[in-house]
């Protein structure tokens with residue numbers, strides 16, 4: 001979509017600032033970021049509820065959501081899961097060394113692994129870093145050994161997460 005479209009100014013439903021008495025306007029980009037923030041806080045709200053919070057028409061929220069989805073900004077709406085409550089409280093970070101020519105196949109295999117939540121191709125001494133959730137040390141050990149059996153993996157280094165003071169996938173987006 002065109003950048004100019006995202007910079008177009010729109011009018012708020014109540015377009016008078018209660019403090020200055022001046023007109024309030026916001027760019028589509030600002031509204032989109034405010035909308036994304038609201039969805040990050042609670043994606044179960046209706047367009048009408050979001051519109052009330054953002055001080056715009058419900059149809060505007062619907063149009064902005066459709067645009068964000070079509071542009072690939074919003075990829076879906078998902079619940080936030082407490083994995084410890086499901087018995088998957090052990091988190092491990094594993095760094096993997098892979099032979100250069102095998103790296104693509106190693107990554108493809110790791111992506112399919114059911115206990116891995118993140119697969120990253122990285123720089124440095126290791127080639128890949130994965131994060132996984134497991135029931136216990138025994139399950140983690142079995143899964144790491146199965147990873148070592150993948151063709152092209154030369155070695156691994158695993159760390160068990162002792163505490164997670166912050167686990168957050170969302171990034172706070174700035175409003176211009």
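The values are calculated or read from the model by the stated rules, or taken from the named source; none is laboratory data. Predicted model only: the values in this text are computed from it and were never measured. Cβ sites come from the backbone with ideal geometry, for glycine too, and all protein chains shown count toward neighbours.
Details
- Residue 149 being at positive phi, free of Cβ contacts under 8 Å to residues at least 12 places away in the same chain and loosely packed, with under 15 Cβ neighbours inside 10 Å: no
- Checked against (1) surrounded by 14 or more Cβ atoms within 10 Å (Cβ to Cβ); (2) farther than 24 Å from residue 170 by Cα; (3) touching a strand residue (DSSP E or B) at 6+ places or on another chain (Cβ under 8 Å), residue 119 passes all but a single condition, namely (2).
- Qualifying residue in segment 60-83 (condition: touching a residue at least 40 places away in the same chain (Cβ under 8 Å) and more than 30 Å from residue 28 (Cβ to Cβ)): yes
- Yes/no for residue 167 being assigned to a loop (DSSP other than H, G, I, E, B), on the phi < 0 side of the Ramachandran plot, at pLDDT below 90 and surrounded by fewer than 11 Cβ atoms within 10 Å (Cβ to Cβ): yes
- Residue tally, condition under 21 Å from the mean Cα position of the chain (by Cα) and over 26 Å from residue 109 (Cα atoms), over segment 142-176: 10
- Scanning segment 118-164 for residues that are closer than 30 Å to residue 33 by Cβ and either part of a strand (DSSP E or B) or in contact with a helix residue (DSSP H, G or I) (Cβ under 9 Å, 6 or more places away or on another chain) (or both) yields 118, 119, 120, 121, 129, 131.
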